[in-house]
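Here's the structure we're looking at; comments come further down.
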Amino acid sequence: MTAPDSQGNDRLLSDSYGRVVRDLRISVTDRCNFRCVYCMPAEGLKWLPRSEILTFEEIERIARLFIEHLGVESIRLTGGEPTVRADLPLLVRMLAGIRRPDGHGVEVALTTNGAKMARMAQPLRDAGLNRINISLDSLNRERFAEITRRDALDDVLAGITAAVEAGLDPVKVNVVVVRGWNEDEIVDFAEFGRRAGVQPRFIEFMPLDADATWSMDKVVGADEIVAAIDAVYPLEEVEHGPEPASRWRYRDGGGEIGVIPSVTKPFCGDCDRVRLTAEGSFMTCLFAQDDFDFRTPMRAGASDRELADLAARAVGLKWAGHRIGKVDFVRPKRSMSQIGG
Ligand code: SAM
């Protein structure tokens, strides 16, 4: 942890490798209306009881502490599926109103499966949502239904159109590429992005699936993804900041793609994120073995100072990086939907 900075933060959350926390990912629910095979089991996942889920007021309190005092500049709401939580636009409005110490607003983003976006995009935009990522892993109806275990491709496509029409810019489309499932659609997604005016973000498959079917041979690496698109639509790399996606633009000016090489080229050295699960556990990495309970002290009356100390202690213990593919890799005890992707 460091002393106050020139922007007026009381202190910054920095770890023993010199990385500073700037991005807070908040899961608003562990529930989901899809059952994507690389994420959740078909059935049997036990939902958290409602009393264990943080209320909007509790989420706002933690977000306010991180934004007003601890150097956080962006918030991403996720889940489970965040749109299944009632009144999500109200939470977005509460968070979008928080100001950083220098008076700047915070960037509020959402990761969603898009199924409800046709009717929610405009209310979310009106509430102050800045950015959106919509997940979509196949453009083929039968395959989409096999992957998500729901026949909802048309709803998601309508949701993407609504997000663009609501003025969310850019609209990013998250595509988890899994060998044997959808790597033959990489170029189709590039074409879809160019046509629809959205940015595909291809994500390498990570060992966070509840069914534990992940294996290294199912990972389609970033290099292979970029080469497949470059062969049809030549690409050039775009300089980028600490965000995990490597960014590429079409040489003909037709837009951009992102690739998230979590497995083949981990970006842990630049990681500036921390996570809050739906039940209020604070995690410094998707793959962390330890989490830090914020909910119990908060409900027992902990002060902001005490919560900030807890966050600083957790960040101080953040490890150098995950060990996917190494012999000493240990799967986290929660799956992606239970942490918040
Ligand atoms: N329900 C929302 C959605 O579908 O975007 C938000 C939660 S979801 C867990 C967040 C992101 O994690 C999605 O883009 C999803 O595709 C991705 N994801 C889930 N499991 C994954 C895995 N095993 N490997 C890589 N990405 C994964």
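Hey, could you grab the Kirkwood Rh for the range 170-315? Inverse mean 1/r over distinct alpha carbon pairs, Å, one decimal. Taking every pair of different Cα atoms in the range 170-315, averaging 1/r and inverting gives 17.4 Å. The Cα-based radius of gyration of the range 17-170, divided by its Kirkwood radius, gives an Rg/Rh of 0.99. Put +1 on the Cβ of every Lys and Arg and -1 on every Asp and Glu Cβ in the chain; which of Gly255, Ala152, Trp181 then has its Cα farthest towards the positive end of the dipole? Selected residue: Ala152. Taken about its Cα centre, the range 78-237 carries a charge dipole of roughly 880 debye when the Cβ of each Lys and Arg holds +1 and the Cβ of each Asp and Glu holds -1.
Note on surface exposure: Ser262, Ser135 rank Ser135, Ser262 by accessible area, highest first, 1.4 Å probe. FRET efficiency for the pair Ser16 and Ala302, taken as 1/(1 + (r/R0)^6) with r the Cβ-Cβ distance and R0 = 22 Å, rounds to 0.35. By how many nm would the segment from Ala86 to Ala231 lengthen if fully extended, with 0.36 nm per residue of separation less the alpha-carbon distance? Length difference between fully extended and current span is 47.8 nm. Over all Cα atoms in the range 111-250, the spread is summed up by Rg and Dmax: 15.2, 43 Å. The mean of 1/r over all pairs of different alpha-carbon atoms in the range 270-333, once inverted, gives a Kirkwood hydrodynamic radius of 12.8 Å.
Using only side-chain charges placed at the Cβ, +1 for Lys and Arg and -1 for Asp and Glu, the dipole size of the chain relative to its Cα centre rounds to 720 debye. The share of accessible area on the range 91-158 that comes from carbon and sulfur is 42 percent, using a 1.4 angstrom probe. Here is the P(r) of the range 92-178: all C-alpha pair distances, binned every 10 Å from 0, give 18, 44, 26, 10, 3 in whole percents.
Working out 0.36 nm times the residue gap between His240 and Ala145, then minus their Cα-Cα distance, what length gain in nm do you get to one decimal? Taking 0.36 nm per residue and subtracting the Cα distance, the gain is 30.7 nm. Each Cα pair of the chain feeds into the Kirkwood radius, which the Stokes-Einstein equation turns, at 10 °C and 1.306 mPa s, into a diffusion coefficient of 78 µm²/s.
Protein heavy-atom surface of the range 236-341, 1.4 angstrom probe: 52% of the accessible area is carbon and sulfur, with nucleic acids and ligands not counted.
Dipole orientation for the range 9-107: of the candidates Pro101, Thr55, Thr78, Thr78 has the Cα lying most toward the positive pole (charges on Cβ; Lys, Arg +1; Asp, Glu -1). A cut-off under 14 angstrom between Cβ atoms defines the neighbours of Val259, and their net charge, with Lys, Arg +1 and Asp, Glu -1, is -4. Length gained on full extension, Arg99 to Ala42, computed as 0.36 nm times the residue gap minus the Cα-Cα distance: 16.4 nm. Taking amide hydrogens as placed 1.01 Å from N in the peptide plane, the amide H of Val219 sits under 5 Å from those of Arg179, each at least 5 positions away in sequence or on another chain.
Counting only cysteine Cβ atoms and a cutoff under 4.7 Å, the chain contains unmatched residues Cys32, Cys268, Cys271, Cys285.
When both the range 258-326 and the range 1-60 are represented by their alpha-carbon centers, they are found 8 Å apart.
Each residue of the range 199-216 is assigned a 3J(HN,Hα), and the resulting list reads 9, x, 10, 7, 10, 5, 5, 10, x, 10, 7, 4, 7, 6, 9, 4, 8, 4 Hz, derived from the Karplus form 6.51 cos²θ - 1.76 cosθ + 1.60 (θ = phi - 60°), x at Gly and Pro.
What is the dipole size for the range 113-197, taken about its Cα centre, with +1 at each Lys and Arg Cβ and -1 at each Asp and Glu Cβ, in debye to the nearest 20?
300
Within the assembled protein chains, the solvent-accessible surface assigned to Arg150 is about 90 Å², based on a 1.4 Å probe. One quarter of the convex hull surface built on the alpha carbon atoms of the range 219-283 amounts to 5.8 nm², the projected area averaged over directions.
The values are calculated or read from the model by the stated rules, or taken from the named source; none is laboratory data. Quick caveat, the model's predicted, so the values are computed rather than measured. Counting neighbours? That spans all protein chains shown, and the Cβs are built from the backbone with ideal geometry, glycine included. The area values use the complete protein model at the heavy-atom level, side chains included, leaving out ligands, DNA and RNA. Shrake-Rupley method; radii C 1.70, N 1.55, O 1.52, S 1.80 Å.
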